[in-house]
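Report on one structure; see the data block that follows.
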Amino acid sequence: MLTLVKKAMRGDKEAFIALMDRHSDSLLRIAHGYLSQEADVADAIQDTILDAYEHLSSLKEPRYFKTWLIRILLNNCNHIYNRNKNYIPLEEISEQLFDETQEVDTPLFRFRELLSYVSDENRLCFQLYYGEELTTREIADLLHINESTIRSRMHREKLRLKTQLQKNGHTTSARKGGASS
């Protein structure tokens, strides 16, 4: 993968496309965890790809490409969220409430459901750690927070989450890569 990043940094368009293909699932999961509307998710990903392409030369260390790309995505998600935070079209609310075609027993759905129990302050940390399997160091670098703060927040939130899930009748299991319910 490092070779692909270096090629893309030298202007190889095919290498850049291959990198975007390789990271598209991660970008999609993160954007979905952050934004609720499909159009906003698509906008954030599109803006991220464009920003990454335009600013690839600013990447100082190729081995940090994924965290650099996620940081761009988070900035774009923040921008879209702040722009739209007071606007929810009535049609979309009714569609979300009455969408019977949505499959409810997939790992992604269960992970999203689990994230809904996590506090807003810690949701992104959980998603990056369990969903994207980033280290606490990588998360700290991305969010510009001390690594010890990330670890203590994750620990407190896991305890709070476990209690909350048990109150709601779910069984809990703490394993990296997700939790079962």
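The values are calculated or read from the model by the stated rules, or taken from the named source; none is laboratory data. In this text the structure is predicted, and so the values were computed from the model without any measurement. In this analysis, Cβ positions are derived from the backbone assuming ideal geometry, glycine residues included, and neighbour counts consider all displayed protein chains. The accessibility values were calculated without ligands, DNA or RNA, using every heavy atom of the protein model including side chains. Shrake-Rupley method; radii C 1.70, N 1.55, O 1.52, S 1.80 Å.
Would you point out which residue out of ILE80, ILE145 is under 20 Å from ILE30 (Cα atoms), assigned to a loop (DSSP other than H, G, I, E, B), open to solvent by less than 90 Å² (accessible area, probe 1.4 Å) and at pLDDT 70 or above?
Numbers: ILE80 fails: assigned to a loop (DSSP other than H, G, I, E, B).
ILE145 is the lone residue from the list that is under 20 Å from ILE30 (Cα atoms), assigned to a loop (DSSP other than H, G, I, E, B), open to solvent by less than 90 Å² (accessible area, probe 1.4 Å) and at pLDDT 70 or above.
Residue-wise test of (1) surrounded by fewer than 12 Cβ atoms within 10 Å (Cβ to Cβ); (2) among the basic types (Lys, Arg); (3) at pLDDT 60 or above; (4) not in a helix (DSSP H, G or I).
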site: GLU92; (1), (2), (3), (4): no, no, no, no
site: THR101; (1), (2), (3), (4): yes, no, no, yes
site: VAL104; (1), (2), (3), (4): yes, no, no, yes
site: ARG112; (1), (2), (3), (4): no, yes, yes, no
site: LEU115; (1), (2), (3), (4): no, no, yes, no
site: ASN122; (1), (2), (3), (4): no, no, yes, no
site: GLN127; (1), (2), (3), (4): no, no, yes, no
site: LEU134; (1), (2), (3), (4): no, no, yes, yes
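So which residues in segment 3-60 are in contact with a helix residue (DSSP H, G or I) (Cβ under 8 Å, 6 or more places away or on another chain), under 21 Å from GLU133 (Cβ atoms) and open to solvent by 80 Å² or more (accessible area, probe 1.4 Å), if there are any at all?
Those that are in contact with a helix residue (DSSP H, G or I) (Cβ under 8 Å, 6 or more places away or on another chain), under 21 Å from GLU133 (Cβ atoms) and open to solvent by 80 Å² or more (accessible area, probe 1.4 Å): ARG22, ARG29.
Against the conditions (1) within 20 Å of ARG123 (Cβ to Cβ); (2) open to solvent by 30 Å² or more (accessible area, probe 1.4 Å), where does ILE72 fall short? Just the number, please.
Unmet condition: (2).
Kindly provide the set of residues from segment 1-52 that are of a type in the set (Asp, Glu) and under 13 Å from LEU69 (Cα atoms), ordered by number.
If we filter segment 1-52 for residues that are of a type in the set (Asp, Glu), which is where we start, we get 12, 14, 21, 25, 38, 40, 43, 47, 51.
Within segment 1-52, ASP21, ASP25, ASP47, ASP51 meet the criteria.
Would you confirm, using the coordinates I've provided, whether ILE45 is in a helix (DSSP H, G or I), at pLDDT below 90 and among the β-branched types (Val, Ile, Thr)?
Considered against the rule, which asks whether it is in a helix (DSSP H, G or I), at pLDDT below 90 and among the β-branched types (Val, Ile, Thr), ILE45 comes out as no.
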